[in-house]
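Structure record follows, encoded as structure tokens.
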Amino acid sequence: MSSEAPAKTGPAAPHQLLIDFGPVALFVICSNVLGRFPETKANAIFIATAIFIAATLAAIAYCRWKIGKIPPVLIVVGVLVVAFGGLTLALRDEEFIKLRPTFANLFYTVGILGSLLIRQNVMKLVFGHVFTLSERHWTILALRWAAFFLIMMVAAEYIRRTMTTEGWVNWHFPVLYLPTLIFAAANAPFLLQHNIAPTDQPEHSAPSS
């Protein structure tokens, strides 16, 4: 009997969605609820930001407990939320939390393009255990996502500059997060079409006596 502990499996899809979108959804809900009460209206964005930080750290801890490791993307999200959220609370300036999506999308764009320059395609590093694509198709996928994140960075900055804080809170979630799900789904046919099926290993016949 093997003495190795069974490997932990990744969280199911509903749990993964909760990890990815739960903290920001909680941020939006709390900001709106707190903004309705005179006692908390002036500080609604700051209280919601503190809750956002706590929820993000809780999601990271849950992921570490559930699958035994923290995905690199979630680490990046955690660092950005804590950094920009911390500056928001420390300086009492809501512009920092509103800048977070802009810098997040800039980071992803630069990270993907930089990985192509050093020939270490980050898309392949992250999804190589799920799909097997040719180097050309991995590059196409990476360029698609880099272009997408660049567009999302422009969109994030546009709504930050043109909307009030209340408007930004309510609109940045559907404008910046829902397109990510739609774009991922739109790339599914590309992945399935160009995924290289593993070659079946020939069966070895029993040695003749």
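Each of LEU181, LEU191, LEU26 has some number of other Cβ atoms within 10 Å of its Cβ, and from fewest to most they run LEU181, LEU191, LEU26. Note on the chain: percent of Cα-Cα distances in each 5 Å bin, starting at 0 and stopping at the bin with the largest distance, equals 1, 6, 12, 15, 17, 15, 11, 8, 5, 3, 2, 1, 1, 1, 0, 0, 0, 0. Amide H contacts of ASN43 (H built 1.01 Å from N, in plane; Pro and chain starts excluded): no residue 5 or more places away or on another chain comes under 5 Å. Note on ARG144 and ILE182: the model spin-label points, each 7 Å out from Cα along the C-beta direction, lie 1.6 nm apart. Just need the relative contact order of the chain here, percent rounded to a whole number, with Cα pairs under 8 Å and 6+ apart. 18 percent.
Taken over segment 9-93, the ratio of Cα radius of gyration to 2.2 N^0.38 Å equals 1.18.
Taking every C-alpha pair closer than 8 Å and separated by at least 6 residues, the mean separation divided by the residue count of segment 101-196 gives a relative contact order of 38 percent. Sequentially through segment 60-72, phi angles give Karplus couplings (6.51, -1.76, 1.60; θ = phi - 60°) of 5, 5, 5, 5, 5, 6, 6, 10, x, 7, 10, x, x Hz, Gly and Pro residues having no value and appearing as x. Across the options ALA54, ILE112, ILE182, the greatest Cα extent toward the positive end of the charge dipole of the chain (unit charges at beta carbon of Lys, Arg, Asp, Glu) belongs to ALA54. Only Lys, Arg, Asp and Glu carry charge here, each on its Cβ (+1 for the first two, -1 for the last two); on that basis the chain has a dipole of about 240 debye about its Cα centre. Extension gain, THR132-PHE107: 0.36 nm per intervening residue step, less the Cα-Cα distance, totals 6.4 nm. Considering Cα pairs under 8 angstrom that are at least six residues apart, work out the relative contact order of segment 9-93 and quote it in whole percent. It comes to 33 percent, rounded to a whole number. Across segment 98-103, computed HN-Hα scalar couplings (Karplus, 6.51 cos²θ - 1.76 cosθ + 1.60, θ = phi - 60°) run 6, 7, 3, x, 4, 6 Hz from first to last residue, x flagging Gly and Pro.
Between the beta carbons of ALA83 and GLN193, assuming R0 = 45 Å, the FRET efficiency works out to 0.70 to the nearest 0.05.
For the chain, the number of Lys pairs with C-alpha atoms closer than 22 Å, counting only pairs eight or more positions apart or on separate chains, is 4.
Read-outs throughout are calculated quantities, based only on the coordinates presented, and are distinct from any laboratory measurement. This one's a predicted model, so the numbers in the text were calculated from it and none came from an experiment. Glycine gets a Cβ as well: all are built from the backbone with ideal geometry, and neighbour counts include every protein chain shown.
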